[in-house]
Amino acid sequence: NVRSYTSRSFDEPIWRNVSGNVQMHKAIILAQLCLYAAVLVPYVSDRIFELRGTGINLDGWALALAGPVGCLVLCEACKAIITLQARVHKRALARRQAAEETHDPLAASASTKTKVAGDPSGQDGVMGSATSAMPVGSDADQAGSQP
């Protein structure tokens, strides 16, 4: 259930606005209670789910705790990377926009070299690049053989 907290935002850390969604807290608590009931309640655990929850030793509980902690650390690390990538992308877009406003073609072409693929403007890659229109794979073989 740690994943519920880490996935609230793609770029904000888990500790920002933790108590902002009371309904989510209720759902997570209920999910944890159901999980423990399924694993630890004797008849439910062994007869219905065929688990041996009461036989979990200290190593098992440590491993069960390590999973969510690992998830938390990795998700927060990815958020830090995404935040840095977003900053770089925004700076590149701002430079390109400023260059276009001043009508400086050299600055505009220099700023587009740092552009990220998937730009909403529809211009992936470097501005004016011929590679964006080149066929790929079997289309490239056919295009090369045609006059």
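The values are calculated or read from the model by the stated rules, or taken from the named source; none is laboratory data. Because the structure is predicted, anything quoted here is derived from the model rather than measured. In this analysis, Cβ positions are derived from the backbone assuming ideal geometry, glycine residues included, and neighbour counts consider all displayed protein chains. The accessibility values were calculated without ligands, DNA or RNA, using every heavy atom of the protein model including side chains. Shrake-Rupley method; radii C 1.70, N 1.55, O 1.52, S 1.80 Å.
For this structure, a couple of remarks:
- Some residue of the stretch 42-53 being among the β-branched types (V, I, T), touching a helix residue (DSSP H, G or I) at 6+ places or on another chain (Cβ under 9 Å), over 24 Å from T83 (Cα atoms) and in contact (Cβ under 8 Å) with a residue 12 or more places away in the chain: no
- Only a single criterion out of (1) touching a residue at least 60 places away in the same chain (Cβ under 8 Å); (2) in contact with a Lys or Arg (Cβ under 8 Å, 6 or more places away or on another chain) is not satisfied by V2, namely (2).
- Pairs with Cβ under 7 Å, 6+ apart, first in the stretch 70-98 and within 16 Å of S7 (Cβ to Cβ), second in a helix (DSSP H, G or I) and open to solvent by 80 Å² or more (accessible area, probe 1.4 Å): C71/R3
- Only residues that are in a helix (DSSP H, G or I), of a type in the set (D, E, K, R) and exposed (fewer than 11 other Cβ atoms within 10 Å of the Cβ) were counted across the stretch 34-81, and they come to 2.
- Filter result for the condition that a residue is touching a Ser or Thr at 6+ places or on another chain (Cβ under 6 Å), at negative phi, aliphatic (A, V, I, L, M) and modelled with pLDDT of 90 or more, over A92, A77, A86, A99: A92
- Residues being modelled with pLDDT of 90 or more, among the polar types (S, T, N, Q) and either farther than 21 Å from V73 by Cβ or touching a helix residue (DSSP H, G or I) at 6+ places or on another chain (Cβ under 7 Å) (or both) - total across the stretch 1-41: 1
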